[in-house]
2 protein chains.
Amino acid sequence: MRLSQLILPDLDEAFARDREAVAELFEELHTEDFADLIERAPIELAVQMLLALDPEQGAEVLASVEPDLQVELYRRLGPERAAPLVHEMPSDDRADFVAELPDADADALLARMDPEEVADVRLLRQWEDGTVGSLMSTDVLAVPATMTVDQVIGQVRTHGDDAETVYYVYVLGPSRELMGVVSLRELIFARPDAAVAEVMREEVKAVQPAMAAEDTARLIQHYDLIALPVIDDQHRLLGLVTVDDLSDALAEEVTEDIHKMGAVRPLEDSYFGTDFVTFVRKRAPWLVALFVGELFTGDAITWFDDVIQRATVLVSFLPLIISSGGNSGSQSATLIIRALAVGEVNLSQASRVLSRELAMGVTLGLLLATIGALRALLWGDGGAIAITVGLTLVAVVTLGTVVGSMLPIFLERIGLDPAVSSTPFIASLVDLIGIVIYLSLASWILV
Amino acid sequence: MRLSQLILPDLDEAFARDREAVAELFEELHTEDFADLIERAPIELAVQMLLALDPEQGAEVLASVEPDLQVELYRRLGPERAAPLVHEMPSDDRADFVAELPDADADALLARMDPEEVADVRLLRQWEDGTVGSLMSTDVLAVPATMTVDQVIGQVRTHGDDAETVYYVYVLGPSRELMGVVSLRELIFARPDAAVAEVMREEVKAVQPAMAAEDTARLIQHYDLIALPVIDDQHRLLGLVTVDDLSDALAEEVTEDIHKMGAVRPLEDSYFGTDFVTFVRKRAPWLVALFVGELFTGDAITWFDDVIQRATVLVSFLPLIISSGGNSGSQSATLIIRALAVGEVNLSQASRVLSRELAMGVTLGLLLATIGALRALLWGDGGAIAITVGLTLVAVVTLGTVVGSMLPIFLERIGLDPAVSSTPFIASLVDLIGIVIYLSLASWILV
């Protein structure tokens, strides 16, 4: 049972009866809960609900709903009624909101905004998606180093309401360069008449706007921070990025990696939010590419047609052999791709990985070879087949671990995303070589 | 070039020359950087470095290094010198630290700790790994509802230093039940003589200690919080859990899911931190299980030995056909597993997923069938082969999308982790059925 199923059906009537009472009820809902509710409401009702909120809460809700609904709500509201809401948004949400609108709508809105806000939106939109710049906010508390603790607390009281976070206050030198940081906690503990420059920490972790959101998320996680300041190359403060902005970015990044590992081109929207044609476009290219690659296995098999003619029993081991190579390769690729992503393995350790995966391949290969050879003997396929299958399995499983572990490292080295070396991709590569090894060995042993 | 390469070689000598100066230098390093440094130092030097810190900083560093090194350092320090460091740790780190020690060492340490701390450690260790209880801290700022804002700020000043976070203060009723929450930000903005009960928000998101860390991380992310209070079933405050504790847990969870999807049993340690034998244990069971499953494909093929004898060209399409089923299944499984994990798809939507994936399977299958049939015709394998290959591809690709999408949903429904339906597992399932479809069609069409 969802909250929305209880609330929405009666809301129309309630609005008609007592608008004030409904508005009061809304004030108690958490922004995210209200956003969930509005996403499930019919669009006319959604507009009414949004207008029943005070502009500040309305701005938060509008910033939190799905991008498609943002555009739809904006169109229903019109620029005149939307502008006050957009004015109340935090700077990062405002820039994202404008970016979602089609150009004509965006222009109509920008024409109704403060020139300062317009400049700010332009500044924030200049950074590419996936960078810190695209996620940062300019609503940051910054004070000159000459202030006292008491004066800084005064600043927090006055300007804190519009800031992205009040938990860190940044201390700036004469030309806005970042000199240090002081937390609200430290301000509370400090003597009120102390200079903020004495209280601040000078060692500030900071990032530049072009840095990848993923790397920044790792930094913020490693140092257990709530926010990081963003600075330009002259060390001047541009804004800040918070842990919640980054964790969303990181979750998207993980989804992208997982999709790539499953040979799907990353989706921009959710599973049900992606339409059928887009889905075909995301899945077909990889599937066709893998199919075309796998066509070569057909050629490889026809080269060995005579040996197959002589012993069709060879065919019955074919799927077993190629899947074993694919599976061991899949394991290695999965381990290495994730280890690279979280920084457990770096590029300089390629040879250490190789020697480990070689040993692993031989060990696992021998294990499967024993089972495979036993099976051949027990089913009465004869010693020659058993030896062929056994030797092939050792070779193919080792091939799998080596290709599976080295391909992601190679891709990372040449600057591509290692997650592209998906399980199906590795399996296809190993299939072809595995078949050639198997049938070559068979031709040689079964003469 | 790492920091450690610059610092470590000269440190021994520096210690001998001027211990004080080195200690001063250490104070400027961030805890996490110091922990990285100490992890790379020889153990004797590591002990010296730790002892050069003041107990508070030493406690933070000891809590941050790898578990194995924690045990080793504890043994070198002995309970006498370790106890003051452990005393300074936050309650959650302290409980984790004690849990890492072998029983005898843990007992020696507990014997030297305050009875209150010992009770606290026991309380925190009662929760299973992966629950909020195992991650929470009891160092929480809580005040009675009768206090004024000014008194609460006084409490923050006095006790804030030991608290996990000072950004939220929890307001409790007469029997410690959670009545509300007030942020440091709100306290700063409020009138000093106002009652905290007036200023607090009564709508507090809270979790119970048995809740999965993963779900809690999602909650904290959804509502953009920094921390969540943990309450018992009588709504009494037990502790709190912070976003950085949870984000570590979430990253581990993602790694586990990715490993499962690649048919590796989740590792407890990092790639290089896992020894060879453990690795074999993590990889061999899945590999053997998949191998044994795939043995049945051999049986399936031998049933159709006569049709293969008649047309060995059929064999050359076999790897192509089974890999296409595996690849489309892998795509669907990847999409659905991730969509379930992030909550984009829920169990009640199974039929919507099924109809979508069916349509997707037929579409993608027709695409590959066209290429496959063309290939058969162009290579002169004849119309009957082209038709067999084409029909099989439509069937196998559709089979892949259906099995790949439904298996994760089925696993989630029966209470298993959907990530267990790994790409290799789906591929094996589809391989067997795909071979039977292919060779049955061939027997029927090629008579």
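The values are calculated or read from the model by the stated rules, or taken from the named source; none is laboratory data. These numbers come from a predicted model, not from an experiment. Here the Cβ is made from the backbone with ideal geometry for all residues, glycine too, and neighbour counts use every protein chain on show.
Within region A:367-385, can you find the residues that are of a type in the set (A, V, I, L, M, F, W, C) and either buried (at least 20 other Cβ atoms within 10 Å of the Cβ) or modelled with pLDDT of 95 or more (or both)?
The first filter runs over region A:367-385 and keeps only residues of a type in the set (A, V, I, L, M, F, W, C), leaving A:367-369, A:371, A:373-374, A:376-379, A:384-385.
Hits for region A:367-385 are A:Leu368, A:Ala369, A:Ala373, A:Ala376, A:Ile385.
Considering only region A:163-177, state which residues are of a type outside the set (S, T, N, Q) and in contact (Cβ under 8 Å) with a residue 60 or more places away in the chain.
A:Glu164, A:Tyr167, A:Tyr168, A:Tyr170, A:Leu172, A:Arg176, A:Glu177
Any residue in region A:225-242 that's in contact (Cβ under 8 Å) with a residue 40 or more places away in the chain and assigned by TED's automatic domain parsing to the domain that holds A:Asp162: show its pairings with residues that are part of a strand (DSSP E or B) and charged (D, E, K, R) at Cβ separation under 7 Å, as long as the two are six or more apart or on different chains.
A:Gln234/A:Glu177; A:His235/A:Glu177; A:Arg236/A:Glu177
Starting from region B:428-447, keep only residues that are touching a residue at least 24 places away in the same chain (Cβ under 8 Å) and under 20 Å from B:Leu290 (Cα atoms), then list their pairs with residues that are assigned to a helix (DSSP H, G or I) and among the aromatic types (Phe, Trp, Tyr) whose Cβ atoms are within a distance under 8 Å, requiring at least 6 positions of separation or different chains.
Short answer, once both residue conditions are applied: B:Leu432/B:Phe296.
If we keep just the residues of region A:234-282 that are among the hydroxyl-bearing types (Ser, Thr, Tyr) and not in a loop (DSSP other than H, G, I, E, B), which is nearest to A:Met179 (Cα to Cα)?
Checking each candidate, the answer is A:Thr242.
Taking the condition out of contact with any Cys (no Cβ under 8 Å at 6 or more places or on another chain), facing chain A (nearest Cβ under 7 Å) and free of Cβ contacts under 8 Å to residues at least 60 places away in the same chain, does B:Thr302 pass?
yes
Tell me which residues, restricted to region A:414-447, are of a type in the set (Gly, Ala, Ser) and surrounded by fewer than 22 Cβ atoms within 10 Å (Cβ to Cβ).
Matches in region A:414-447: A:Gly415, A:Ser440, A:Ser443.
Going residue by residue through region A:27-41, is there one that turns out to be over 30 Å from A:Leu141 (Cβ atoms), in contact (Cβ under 8 Å) with a residue 40 or more places away in the chain and of a type outside the set (Phe, Trp, Tyr)?
Looking for residues that are over 30 Å from A:Leu141 (Cβ atoms), in contact (Cβ under 8 Å) with a residue 40 or more places away in the chain and of a type outside the set (Phe, Trp, Tyr), one finds none in region A:27-41, hence no.
Being more than 7 Å from chain B (Cβ to nearest Cβ) and either at pLDDT 80 or above or surrounded by 16 or more Cβ atoms within 10 Å (Cβ to Cβ) (or both) is the requirement here; does A:Val254 meet it? Spell out the reasoning first.
Values: more than 7 Å from chain B (Cβ to nearest Cβ): no; either at pLDDT 80 or above or surrounded by 16 or more Cβ atoms within 10 Å (Cβ to Cβ) (or both): yes.
In short, no.
Just give me the residues in region B:204-232 being surrounded by fewer than 20 Cβ atoms within 10 Å (Cβ to Cβ) and touching a strand residue (DSSP E or B) at 6+ places or on another chain (Cβ under 8 Å), in sequence order.
B:Val204, B:Lys205, B:Ala206, B:Gln208, B:Ala210, B:Met211, B:Ala212, B:Leu219, B:Ile226, B:Asp232
State yes or no: is A:Ala284 crowded, with 16+ Cβ neighbours inside 10 Å, under 30 Å from A:Leu141 (Cβ atoms) and outside the structural domain of A:Leu69 (by TED's automatic domain parsing)?
no
Just a yes or no: is a residue in region B:268-290 within 7 Å of chain A (Cβ to nearest Cβ) and in contact (Cβ under 8 Å) with a residue 60 or more places away in the chain?
So far as region B:268-290 goes, yes, one or more of its residues are within 7 Å of chain A (Cβ to nearest Cβ) and in contact (Cβ under 8 Å) with a residue 60 or more places away in the chain.
Of the conditions (1) assigned to a helix (DSSP H, G or I); (2) more than 10 Å from chain B (Cβ to nearest Cβ), A:Ile371 satisfies every one except a single condition; which number is it?
(2)
Please work out which one of (1) within 23 Å of B:Ser443 (Cβ to Cβ); (2) at the interface with chain A (Cβ under 9 Å from one of its Cβ atoms) is the condition B:Arg310 fails and give its number.
Here B:Arg310 meets the rest and fails (2).
Can you name the residue in region A:235-254 that is in contact with a helix residue (DSSP H, G or I) (Cβ under 6 Å, 6 or more places away or on another chain) and β-branched (Val, Ile, Thr) and is also farthest from B:Leu250 (Cα to Cα) among such residues?
Once the filter is applied, the top-ranked residue is A:Val243.
So which residues in region A:317-340 are surrounded by fewer than 24 Cβ atoms within 10 Å (Cβ to Cβ) and either without any contact (Cβ under 8 Å) to a residue 12 or more places away in the chain or at the interface with chain B (Cβ under 7 Å from one of its Cβ atoms) (or both), if there are any at all?
Correct list: A:Ala339 only.
Anything in region A:102-120 that is over 18 Å from A:Asp232 (Cβ atoms) and touching a helix residue (DSSP H, G or I) at 6+ places or on another chain (Cβ under 6 Å)? List them, or say none.
Across region A:102-120, the qualifying residues are A:Ala106, A:Ala108, A:Leu109, A:Leu110, A:Arg112, A:Val118.
Suppose we filter region A:341-359 for residues that are within 20 Å of the chain's Cα centre (by Cα), surrounded by 23 or more Cβ atoms within 10 Å (Cβ to Cβ) and more than 7 Å from chain B (Cβ to nearest Cβ); how many remain?
Final tally of qualifying residues: 1.
Of all residues in region A:229-279, count the ones that are farther than 29 Å from B:Gly262 by Cβ and either more than 19 Å from the chain's Cα centre (by Cα) or not hydrophobic (A, V, I, L, M, F, W, C) (or both).
17
Among B:Val389, B:Val394, B:Val430, which is the only one that is more than 19 Å from B:Gln331 (Cα to Cα), in the same structural domain as B:Gly298 (by TED's automatic domain parsing) and of a type outside the set (Ser, Thr, Tyr)?
One residue alone meets the criteria, B:Val389.
Is it true that A:Gly78 is on the phi > 0 side of the Ramachandran plot, surrounded by fewer than 19 Cβ atoms within 10 Å (Cβ to Cβ) and either not assigned by TED's automatic domain parsing to the domain that holds A:Leu238 or not in a loop (DSSP other than H, G, I, E, B) (or both)?
When the stated conditions are applied, A:Gly78 passes them.
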